[in-house]
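Report on the following structure.
Coordinate-derived values only; no laboratory data. Just so it is clear, the structure is predicted and the values come from calculations on it, not from any experiment. Backbone-built Cβ (ideal geometry, glycine too); neighbour counts: all protein chains shown.
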Amino acid sequence: MSTHDTAAPPAKEGGAAPGRPPAAPVDAEARRRARLSRRWQRDIRWSPYAFVSPFFLLFLAFGLFPLIYTGWASLHQVEMTAPTDMNWVGLRNYTRIFDDDFFWNAARNTLTIGVISTVPQLLMAMGLAHILNYRLRASTFYRVAMLAPYATSIAAASLVFVLLFGRDYGMINWALDAVGVSPVDWQNDKWPSQIAVSTIIIWRWTGYNALIYLAAMQAIPQDLYESAALDGASRWQQFFHVTLPSLRPTILFTVVVSTIGASQVFGEPLLFDANKGASGGAEHQFQTLGLYLYEQGWINQHLGRASAIAWTMFLILIVIGIVNYVISRRLRASS
């Protein structure tokens, strides 16, 4: 019997050669990698927006919408008893508050309390920061202690200062009586009450600003101090000719922030009032714009007028921001 060799049939054009694995698994892996690549590209593109979206959602809900709605309500007559009944009055709410003597009294009180509290506060903060900038024992303890007033509740601090400034049994009057000064009615006289409210603000914010100044001082190159010392400059001369010029942007920042905070003072005068109301004393002697807004909106129940006051305060803050921008640009140009 003869044997015949059987030749393998020729492969079809375009077909796979016999004996090779099928190409389907390779194609599936390529498609899977392509899908992963597209998903990775979408993740890289859209993930940052997803991370920051909670802030913008909260800002839209609790920042932008109340701002726009308050501006719209300021052009209407709205009462707390019927907040959905809005009657268009245009700019009448603004003209009424500008003709109101209590508004201008609150504006003057806000200005005087702001000056009395801001100037000593920043000067004391600068001095404390300058002391802490040197190598001291337990410097970490002092820095933490600086933030203790800032972390204290406004209500708790104000109640303590109410006891300290008490007319009959307060420790401040006791100390004044010990040196022969007659007792002061801190809650009913105009200037003593504003000084007392400013004292609460100074106590609460001095340490916070001191740490800001301290951080800025530690960023000043030591070469400047060494060069000044080689030229024979004393510690005071180094402070005035090296430290202060280097701190000009930081000083401007703290002045602007403190001014904005002073224009929004609310908790301290509210809790310092002996009558526990929003009038700022029996004769409105320390009523600020924040208290005046609260009185109009939540006590007199004039929401439209309160909205106009809020927008007036907002415009004041915009003016402060513009002044800050102009001054900072001039400082940068001069340096």
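Points to keep in mind about this one:
- Largest mean-square fluctuation among 144, 256, 78, in a Gaussian network model of the chain whose springs join Cα atoms under 10 Å apart, belongs to 144.
- Largest GNM mean-square fluctuation across 251, 116, 318, computed for the chain with C-alpha springs under 10 Å, falls on 318.
- The calculated FRET efficiency for residue 43 paired with residue 219, based on their beta-carbon distance and R0 = 30 Å, is about 0.20.
- The chain, relative contact order in percent, only Cα pairs under 8 angstrom and at least six apart counted: 25
- Simple spin-label estimate for residue 59 and residue 167 gives 4.9 nm between the two label positions (7 Å along the Cα-to-Cβ direction from each Cα).
- For residue 78, the residues whose modelled amide H falls within less than 5 Å of its own, excluding neighbours fewer than 5 places apart on the same chain, are 303, 304, 305.
- Gyration tensor verdict on region 181-330 (Cα atoms; rounded if a/c is under 1.5, prolate if a/b is larger than b/c, oblate otherwise): oblate
- Around residue 160: net Lys/Arg minus Asp/Glu count, Cβ-Cβ under 15 Å: 0
- Whole-percent P(r), the chain, all Cα pairs, 20 Å bins from 0: 21, 40, 21, 8, 6, 3, 1, 0.
- Calculated FRET value between residue 141 and residue 298, using beta carbons and R₀ = 41 Å, to 0.05: 0.45
- The longest part of the chain holding none of the exposed loop GluC sites (Glu not before Pro), meaning those outside H, G, I, E and B in DSSP with at most 16 other Cβ atoms within 10 Å, is 14-282.
- Using a Gaussian network model of the chain in which every pair of alpha carbons under 10 angstrom is joined by a spring, one finds that among 284, 302, 130 the greatest mean-square fluctuation is at 130.
- Span from the region 214-286 Cα centroid across to the region 93-167 one, whole angstrom: 11
- Label-point separation, residue 124 to residue 29 (7 Å along Cα→Cβ), nm: 7.3
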